[in-house]
Amino acid sequence: MLPEALKDRYTIRTYPAGTIIHQKDAELDYFGIVCEGYHRVINEFENGNVFMIERNDPIDFIGEVTILAGKPRTSVTIETTTPCTVLYFSRKDFEDWIAQDIHFLRLVSRKVAYKLYRSSCNRGNRLFYPPQHLLLAYFLQYIEEYQSPVVKRTREEIHEETGISVKTLNRTIRRLKEEGLVGITKGKVTMTPEQIARAKEYIGKQTCKGKV
């Protein structure tokens with residue numbers, strides 16, 4: 001529950017899709033609660049490459065990792081993927097809040113732990129599974145999440161979200177199409193119910209092989 005002292009000490013901002021909420025290496029003097037909308041957390045590198053760490057849905061927090069780590073600047077960039085509404089508090093007010101409210105601190109800590117757990121799983125997959133497995137898993141997740149047989153992502157967006165180079169993406173998608181696991185319609189990957197079933201079977205076999 002919001003402390004009485006903070007009920008007139010917050011601001012609300014709305015952002016259109018594609019807005020940078022916070023830039024990597026910028027000072028963080030606030031804590032945010034994403035009330036509506038989706039955003040992604042990305043890491044930008046000096047060579048121009050962009051790597052997506054995670055995609056988050058509401059309700060979510062902004063700045064909690066940096067603040068709990070005691071760091072003055074963020075290590076990632078946050079970009080909205082849909083229109084978003086964010087509730088902001090000053091960093092000092094947030095620090096006072098978690099110092100006084102053990103239940104809120106536990107909630108924030110659980111959210112951080114979940115993100116770390118998910119990130120560890122994703123990192124392990126990217127390190128040890130071949131591109132064909134990673135792409136099929138990505139396509140299946142997209143289709144399930146958006147309830148669409150068409151993966152409406154550009155090659156560059158898929159590259160950012162999976163960490164697979166565009167060259168390897170094109171080669172792997174071509175191979176998946178030749179094997180009848182995906183289709184291509186107007187440049188976008190598509191999957192029929194039969195292909196989805198085959199892809200799930202393929203991933204299941206690969207996962208079993210990877211178990212010790």
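The values are calculated or read from the model by the stated rules, or taken from the named source; none is laboratory data. It should be emphasised that the depicted structure is a prediction, and the values quoted were computed from it without experimental measurement. FYI the Cβ positions are ideal-geometry reconstructions off the backbone, even for glycines, and counts take in every protein chain you see.
Within segment 9-41, the residues that satisfy the criterion of being within 18 Å of Lys111 (Cα to Cα) and assigned to a strand (DSSP E or B) are Tyr30, Phe31, Gly32, Ile33, Val34, Cys35, Glu36, His39, Arg40, Val41.
Could you list all residues from segment 133-167 that are of a type in the set (D, E, K, R) and in contact with an Asp or Glu (Cβ under 9 Å, 6 or more places away or on another chain)? Correct list: Arg153 only. Does Val108 qualify as being within 15 Å of the chain's Cα centre (by Cα) and modelled with pLDDT of 90 or more? Considered against the rule, which asks whether it is within 15 Å of the chain's Cα centre (by Cα) and modelled with pLDDT of 90 or more, Val108 comes out as no. Report yes if Ser109 is touching a residue at least 12 places away in the same chain (Cβ under 8 Å) and polar (S, T, N, Q), otherwise no. Criteria met by Ser109. Looking across segment 6-19 at every residue that is touching a residue at least 24 places away in the same chain (Cβ under 8 Å) and surrounded by fewer than 14 Cβ atoms within 10 Å (Cβ to Cβ), the one that is farthest from Gly163 (Cα to Cα) is identified as Arg9. Among all positions in segment 35-47, there is no residue which is in contact with a Phe, Trp or Tyr (Cβ under 9 Å, 6 or more places away or on another chain), aliphatic (A, V, I, L, M) and more than 30 Å from Val166 (Cβ to Cβ).
Of the helices (runs of 4 or more DSSP H) contained entirely in segment 45-129, those carrying at least 3 residues that are over 21 Å from Tyr10 (Cα atoms) and in the same structural domain as Ile33 (by TED's automatic domain parsing) fall at 102-128. Go over the candidates Ile158, Ile164 one by one and state the one that is assigned to a loop (DSSP other than H, G, I, E, B) and within 14 Å of Leu134 (Cβ to Cβ). Ile164 is the lone residue from the list that is assigned to a loop (DSSP other than H, G, I, E, B) and within 14 Å of Leu134 (Cβ to Cβ). For segment 167-193, the set of residues classified as of a type in the set (D, E, K, R) and in a helix (DSSP H, G or I) consists of Lys167, Arg171, Arg174, Arg175, Lys177, Glu178, listed by residue number.
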